[in-house]
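Here's the structure we're looking at; comments come further down.
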Amino acid sequence: MRDAVRANPLGPRLHSQLGYVLTTYAGDHDAAIACLNEALRLDPRFESAHAGMGMALTAKRDLDGAIRS
């Protein structure tokens, strides 16, 4: 999936999906948050990225951040 993101770095959907995979399956919440931040930079209204950010921040026990996302 990282190769797909490198091939299409302007695609917020790919960044969001990679963030989801990193937080859900790999447990790499910091890397997930970085991917999700990039997705939101590209499209601030992308709902899936906001949902993924909430999941990643909740996993890090940043509940205030998760609510804001």
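Nothing in this text is a laboratory measurement; each read-out follows from the coordinates by a stated rule. Keep in mind that this is a model prediction, so the values were computed, not measured. We place every Cβ from the backbone using ideal geometry, glycine too, and count neighbours over all the protein chains shown.
Observations
- Some residue of the range 45-53 being under 8 Å from the mean Cα position of the chain (by Cα) and surrounded by fewer than 19 Cβ atoms within 10 Å (Cβ to Cβ): yes
- Subset of the range 32-42 [farther than 13 Å from S69 by Cβ and buried (at least 17 other Cβ atoms within 10 Å of the Cβ)]: C35, E38, L42
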